[in-house]
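The values are calculated or read from the model by the stated rules, or taken from the named source; none is laboratory data. On a predicted model such as this, the values are computed, not experimentally measured, just so you know. Because the Cβ atoms are built from the backbone with ideal geometry, glycine has one as well, and the counts that use them run over all protein chains shown.
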Amino acid sequence: MTTDSVTEVIPASPTPRPRSLVSRPVQADRVFRAVCYAAGGITVAIMLAVGVFLSGRAGEALARSGPAFLWTQAWSPEGGDGQFGIAAVLFGTVTIAFIALSIALPLSLATALLISEVVPGRIRSTLISLVDLMAAVPSVVFGLWGVFFLQANVIPVSQWISTYFAWIPLFAVTDPSGARVTDAGAFTSSAFIAGIVVSLMIVPTQTSVMREAFSQAPLGEREGALALGSTRWGMIRTVVLPFGRGGIIGGTMLALGRALGETIAVVMIISPIFTINWQVLKTGTNSVSALIALRYGEASQFGLSALMAAGLVLFIITLIVNFTASTIVARSRSGAESN
Amino acid sequence: MTIVDTAPRTPSAQEQAPAARTEIPVRREAVGERRDLRSVPLDDAFNVVGAVAAGIAVATLLFGWLTPMTGFIGWLVISFIAFLGIYAVLSSLRADRLTVSERIMTALFYSAGAILLGALVFVLGYTVVRGVPALINPNFFVETMKLAGPLEPLSVGGIAHAIVGTLIQISIALVITIPLGITTAVFLNEVGGRFARFVRTISDAMTALPSIVAGLFIYAAIVTLVTHQRSGFAAALAISVMMLPIIIRASDVVLRLVPNNLREASYALGTTRWRTVWHVVLPTSRSGLVTAVILGTARGIGETSPVLLTSGVTAEMNLNPFSGPMISLPLQVFDFVKSPEPNMVARGFGAAATLVLLVLALFLIARLIGGRGPGQLSDRQRRAVAGASARDLRRIEDAGARRVRALPSASPSTEPTHPIEENPS
């Protein structure tokens, strides 16, 4: 080892270790990270608590009814024969949601295309705000409108449909003996009217998801289509719609999730029944959320447990629908980034 | 093909050279007219007007004279279908098939937008107009329903207790959701990692939580287990469960828009993560965050079903959120219209109109504050920022001048530089 006064040779260590690049956060940052993790943890904990609580409290009712809970139509957990199940209410929920979707899908698709493709910038942002405003209108207001205005005005339409399309079993309106009914009283409080009101409440969600997907359709392909002499509709059909397919499906499923959970507007319109009613124009339907809203008040401890079981089923269904929807939307987003 | 110029390939043409291998075909009207994508030609405007008039006329004829059809909605549907058909025929007189389908689709898009906006305006307008008989009585806003029975005229009783209840409940909910929601959004964006992705998935799933399930959860967890009575606080908790995912999502989107070079500039100056968030990320996205919170509030104010299970119904003023039932506006609407009495229904519409006006006001405020991306400043903010940076410059120059006077010989590199203080904003 030679040493002079200027340079000092440091002997190489036998095994050179790579230098660690991990930085040590200062005290304030450690607190910051802890606070952030805590906030995220609380958010997750709330969600998990909802699931855990519902399953925990639903256990008692589910243990007594067993799997028959899924196909029993009646709901009398306290009195009567003690039979209860969600077949009828779940059927009503799904009917209302699908009526709502079949109205909302064309409406929101066309509105989303109008906003993203047709109107110029200034009107576009106004339209976007108005759609957002529609999403913020309380559901009780939609319910009021549905009960006091829409019902009376839709009944002639229902009568007309049931007169001319009675050969489709869905649109027939018959009394228990099978005879055709035509008086207006048989058409009030139907799944059809509830579906129309719910459709207005889900259109904003659907429109904004679709609009975002459409506006991400790549510019190169759009200009290519136009340069080949396509009309604007031709460009939309060949470029925007194929690229936005994920957004259309995802937005529709998100809307489906909201339609399944809609409560107050449905409660105000329908007249609850506990049998499966295929005739969507006829008085009487039900939904899981309406069942909970109408029955929680007089429910005993066990009745509450049965309602929890119904809520749990609704919760699981909306979770599945929503997870599928966000997966589809996310996947379509990653695919649309070509140029 | 007829377009390609098929000159007879004589040997003399082949001799001419390899240079003539690419030929430009002679154009024979192969290129059509230039397509107009933007402007609306005059004849098309006339087509629209004519088709609308003809559609309305056809529907009126059918409904008034020729067939026994009745009803306003049916009339609208028939006139719309007639309009589409007549418009297609009129357009096809002057244009090709592609243009006709383009015009029909555009007409459909515009009508969908018109239906949607019409429904929105009509729902809001109907509520407000039906609410006017109750709203014109000043006592409606200052009295409670304690002494007003269902048969009392509209000049007795009011919804003061529901307005106060709504304000108390939404305030408690905001106290819970603003810190929790924005911190979670910061966590998703600034900390990241696997757990953050998990949290984002969960909060996305929470947006689909049916509101009645949120109410049921609070009813089971808080009302039956802890407080043993319905209260404003339980209702506020239920509203918080509904508002939290909305605020997280909206803030998450806003924070994602903060330009990364601002963060990097801040880190390059040696700041900690915490100071970067507090002094760079949050101020940059302030207007967007306020908008997110206001939109969440507008949604929370209108929630009925979670409140239905948790707050209880009362006709009296209750200022204590921890004991006794405390009604809120949407629940009061629901409660009023359950009654068959016309005066109670009128009160219901009055309360609904109040709720609608409240939501509209919140929405307008949100649009005035927000609607602007991060870093885009209003004129006043821009002047304030320019003033602050001019002050900073003066301070730095003064400090530099003082230092030069104190140490004329020292070179700047040996002098330990003081970190520049943060902009006192």
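Taken over region A:164-207, residues that are part of a helix (DSSP H, G or I) and buried (at least 17 other Cβ atoms within 10 Å of the Cβ) amount to 20.
Residues checked against (1) surrounded by fewer than 11 Cβ atoms within 10 Å (Cβ to Cβ); (2) acidic (Asp, Glu); (3) at pLDDT 80 or above:
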| position | (1), (2), (3) |
| --- | --- |
| B:5 | no, yes, no |
| B:11 | yes, no, no |
| B:17 | yes, no, no |
| B:30 | yes, no, no |
| B:36 | no, yes, no |
| B:40 | no, no, no |
| B:52 | no, no, yes |
| B:59 | no, no, yes |
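Restricting region A:71-111 to residues that are closer than 28 Å to residue A:302 by Cα and among the aromatic types (Phe, Trp, Tyr), the residue that is surrounded by the fewest Cβ atoms within 10 Å (Cβ to Cβ) is A:71. Candidates B:180, B:225: the one that is within 10 Å of another protein chain (Cβ to nearest Cβ), in contact with a Ser or Thr (Cβ under 8 Å, 6 or more places away or on another chain) and surrounded by fewer than 23 Cβ atoms within 10 Å (Cβ to Cβ) is B:180.
Quick check on my filter: what residues within region B:319-347 are without any contact (Cβ under 8 Å) to a residue 40 or more places away in the chain, in contact with a Lys or Arg (Cβ under 9 Å, 6 or more places away or on another chain) and either farther than 20 Å from residue A:290 by Cα or charged (D, E, K, R) (or both)? Within region B:319-347, just B:345 meets the criteria.
With the requirement that a residue be acidic (Asp, Glu) and at pLDDT below 85, what does region B:383-425 give you? Talk me through it step by step, then tell me what you get.
Just the residues of region B:383-425 that are acidic (Asp, Glu), to begin with: B:392, B:397-398, B:415, B:421-422.
If the condition is that a residue be acidic (Asp, Glu) and at pLDDT below 85, then B:415, B:421, B:422 are the ones that fit.
When region B:61-75 is filtered for residues that are part of a helix (DSSP H, G or I) and surrounded by 14 or more Cβ atoms within 10 Å (Cβ to Cβ), the ones remaining, listed by number, are B:62, B:63, B:73, B:74, B:75. Regarding region A:38-45, can at least one residue be identified that is of a type in the set (Ser, Thr, Tyr), within 12 Å of another protein chain (Cβ to nearest Cβ), surrounded by fewer than 16 Cβ atoms within 10 Å (Cβ to Cβ) and under 19 Å from residue B:222 (Cα atoms)? No. Across region A:63-84, a minimum of one residue is classified as in contact with a Phe, Trp or Tyr (Cβ under 9 Å, 6 or more places away or on another chain), among the acidic types (Asp, Glu), away from every other protein chain (no Cβ under 14 Å) and touching a residue at least 12 places away in the same chain (Cβ under 8 Å).
Here A:116, A:158 are screened, and the one residue that is closer than 25 Å to residue A:274 by Cβ and more than 19 Å from the chain's Cα centre (by Cα) is A:158. Quickly run through region A:149-169 and pick out the residues that are among the aromatic types (Phe, Trp, Tyr) and facing another protein chain (nearest Cβ under 9 Å). Hits for region A:149-169 are A:149, A:160. Looking across region A:271-312 at every residue that is free of Cβ contacts under 8 Å to residues at least 40 places away in the same chain and among the small types (Gly, Ala, Ser), the one that is nearest to the other protein chains (Cβ to nearest Cβ) is identified as A:293. Screening region A:208-243 for residues that are surrounded by fewer than 20 Cβ atoms within 10 Å (Cβ to Cβ) and among the basic types (Lys, Arg) and picking the one that is nearest to the chain's Cα centre (by Cα) gives A:237. For region A:19-32, a residue qualifies if it is within 7 Å of another protein chain (Cβ to nearest Cβ) and at pLDDT 90 or above, and exactly one does: A:32.
In region B:69-122, of all residues being closer than 20 Å to residue A:157 by Cα and aromatic (Phe, Trp, Tyr), the one that is farthest from the other protein chains (Cβ to nearest Cβ) corresponds to B:83. Restricting B:148, B:134 to those that are crowded, with 18+ Cβ neighbours inside 10 Å, modelled with pLDDT under 90 and not in a helix (DSSP H, G or I) reduces the list to B:148.
Within region A:118-133, the set of residues being surrounded by fewer than 22 Cβ atoms within 10 Å (Cβ to Cβ) and in contact (Cβ under 8 Å) with a residue 60 or more places away in the chain comprises A:118, A:128, A:132.
The number of residues in region A:209-233 being modelled with pLDDT under 90 and closer than 22 Å to residue B:116 by Cα comes to 4.
Scan region B:307-350 for residues that are facing chain A (nearest Cβ under 9 Å) and within 27 Å of the chain's Cα centre (by Cα) and the total you get is 8. Among what's in region B:71-93 and is over 15 Å from residue B:49 (Cβ atoms) and not hydrophobic (A, V, I, L, M, F, W, C), pick the residue that is modelled with the lowest pLDDT. So the residue we want is B:71. Just so you know, in region A:134-143 the residues that are in contact with a helix residue (DSSP H, G or I) (Cβ under 6 Å, 6 or more places away or on another chain) and at pLDDT 90 or above include one that is nearest to the other protein chains (Cβ to nearest Cβ), and it is A:138. Of the residues screened, residue A:248 is not one that is under 23 Å from the mean Cα position of the chain (by Cα), over 30 Å from residue A:167 (Cα atoms), without any contact (Cβ under 8 Å) to a residue 24 or more places away in the chain and not in a loop (DSSP other than H, G, I, E, B). Beta carbons closer than 7 Å, at least 6 apart along the sequence or on distinct chains, pair a first residue in region B:100-119 that is farther than 16 Å from residue A:109 by Cβ with a second that is of a type in the set (Gly, Ala, Ser) and surrounded by fewer than 19 Cβ atoms within 10 Å (Cβ to Cβ) for B:100/B:88; B:100/B:92. In the set A:185, A:146, A:195, only one residue is under 25 Å from residue B:335 (Cα atoms) and facing chain B (nearest Cβ under 10 Å); that residue is A:146.
Of everything in region A:251-291 that's among the polar types (S, T, N, Q) and closer than 23 Å to residue A:316 by Cα, which residue is farthest from the chain's Cα centre (by Cα)?
Going residue by residue through region A:251-291, those that are among the polar types (S, T, N, Q) are A:252, A:263, A:271, A:275, A:277, A:279, A:283, A:285-287, A:289.
Next, only the ones that are closer than 23 Å to residue A:316 by Cα stay: A:252, A:263, A:275, A:285-287, A:289.
Values: A:252: 8, A:263: 13, A:275: 25, A:285: 20, A:286: 18, A:287: 15, A:289: 14 Å.
My answer is A:275.
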